[in-house]
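Take a look at the structure below.
The values are calculated or read from the model by the stated rules, or taken from the named source; none is laboratory data. Fair warning: this is a prediction, and the values are worked out from it, not measured in the lab. Note: ideal-geometry Cβ built from the backbone for every residue, glycine included; neighbour counts use all protein chains shown. These accessible areas exclude ligands, DNA and RNA; they are computed on the full protein's heavy atoms, side chains included. Shrake-Rupley method; radii C 1.70, N 1.55, O 1.52, S 1.80 Å.
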Amino acid sequence: MIIRAATDADVDDIMKIERTPGFEQFFGWFSEGEHRAHLIDPDCRVLVLVDGDVIEGFAILRGFVSGEGSIRLNRLAARKPGGGSGQQLLDHAKALAFAEPTTHRLWLRVAETNSRARHVYERNGFVLETRLPAGGKSTSGQPVDIALYGLLREVWQFEFA
Ligand SMILES: CC(C)(COP(=O)(O)OP(=O)(O)OC[C@H]1O[C@@H](n2cnc3c(N)ncnc32)[C@H](O)[C@@H]1OP(=O)(O)O)[C@@H](O)C(=O)NCCC(=O)NCCS
């Protein structure tokens, strides 16, 4: 398996994973145009984990221009949750974010009910910074309670790099 920057040819597979039945309780959907725009946006990085011809997961980070040292993990999803693909992408995302000398923090929003993802983030040193009741919306427009997590460079560097 390799992790590489996504290309236009990967967008269909990325969208299929993003739209996996059940994932709508965890995050909304980017349109195809938004996904393609991420690929050329200097503020963003889009990673794919590839096994042969199969995209096993993807990650979107943003804030490389606008983040003022805080990079956001904007989306992370595995084609088959529970197999470690998300962890591989997360390792790469952390390394990519902190490879920028100005990055002091990697942060993310996660639905409070997403206990699997929260477990994975906490396992990686992310700390719950705040709760945002009704801070997000489901794809059907329902309010979703959000947990906001952050990972500081010093924690990543000394414990998780
Ligand atoms: C979150 C996600 C990216 C993690 O990637 P992954 O490849 O599944 O992660 P792993 O297989 O390395 O680890 C899964 C862990 O969750 C644990 N887990 C599984 N179900 C769980 C649950 N309901 N509650 C708490 N922990 C759970 C597993 O035991 C495992 O932890 P352990 O290895 O410490 O025992 C992936 O599950 C995914 O794509 N989920 C759906 C989309 C999503 O929620 N994305 C994140 C949005 S912020």
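Beta carbons closer than 9 Å, at least 6 apart along the sequence or on distinct chains, pair a first residue in segment 10-29 that is within 15 Å of ASN74 (Cα to Cα) and among the charged types (D, E, K, R) with a second that is open to solvent by less than 50 Å² (accessible area, probe 1.4 Å) and near the ligand (Cβ under 9 Å from one of its atoms) for GLU18/PHE27; GLU18/ARG75; GLU18/ALA77. Annotation: of all residues in segment 83-134 being among the polar types (S, T, N, Q) and over 25 Å from CYS44 (Cβ atoms), the one that is nearest to the ligand (Cβ to nearest atom) is SER115.
Name the pairs: first residue in segment 41-56 and without any contact (Cβ under 8 Å) to a residue 12 or more places away in the chain, second residue among the hydrophobic types (A, V, I, L, M, F, W, C) and assigned to a loop (DSSP other than H, G, I, E, B), Cβ to Cβ under 9 Å, at least 6 apart or on different chains? What qualifies is GLY52/MET1.
Scanning segment 83-108 for residues that are of a type in the set (D, E, K, R) and free of Cβ contacts under 8 Å to residues at least 40 places away in the same chain, which turns out nearest to LEU151 (Cα to Cα)? Going through the qualifying residues, I end up with ASP91. Only a single criterion out of (1) without any contact (Cβ under 8 Å) to a residue 24 or more places away in the chain; (2) within 11 Å of the ligand (Cβ to nearest atom); (3) surrounded by 12 or more Cβ atoms within 10 Å (Cβ to Cβ) is not satisfied by LYS80, namely (1).
In the condition set (1) modelled with pLDDT under 95; (2) under 26 Å from THR7 (Cα atoms), PHE158 is compliant with all but (2).
For segment 36-75, the tally of residues that are aromatic (Phe, Trp, Tyr) and within 13 Å of ILE14 (Cβ to Cβ) stands at 1.
Condition first: under 23 Å from GLY82 (Cα atoms) and among the small types (Gly, Ala, Ser). Now tell me which residues in segment 115-137 satisfy that. Within segment 115-137, SER115, ALA117, GLY125 qualify.
For segment 42-56, does any single residue satisfy the condition of being more than 7 Å from the ligand (Cβ to nearest atom), at pLDDT 95 or above, closer than 20 Å to GLU154 by Cβ and not basic (Lys, Arg)? There is no residue in segment 42-56 that is more than 7 Å from the ligand (Cβ to nearest atom), at pLDDT 95 or above, closer than 20 Å to GLU154 by Cβ and not basic (Lys, Arg).
Considering segment 133-149, the residues that are in contact with a helix residue (DSSP H, G or I) (Cβ under 9 Å, 6 or more places away or on another chain) and either closer than 12 Å to THR113 by Cα or among the polar types (S, T, N, Q) (or both) include one that is modelled with the highest pLDDT, namely ALA147. Examine segment 116-129 for a residue that is under 13 Å from GLY150 (Cβ atoms), part of a strand (DSSP E or B) and open to solvent by less than 30 Å² (accessible area, probe 1.4 Å), and state whether such a residue exists. No.
Taken together, the residues in segment 24-44 that are open to solvent by 80 Å² or more (accessible area, probe 1.4 Å) and either among the basic types (Lys, Arg) or more than 20 Å from LYS80 (Cα to Cα) (or both) amount to 4. Here is a check on your reading of the model: is TYR149 assigned to a helix (DSSP H, G or I), crowded, with 17+ Cβ neighbours inside 10 Å and within 13 Å of the ligand (Cβ to nearest atom)? No: the conditions fail for TYR149.
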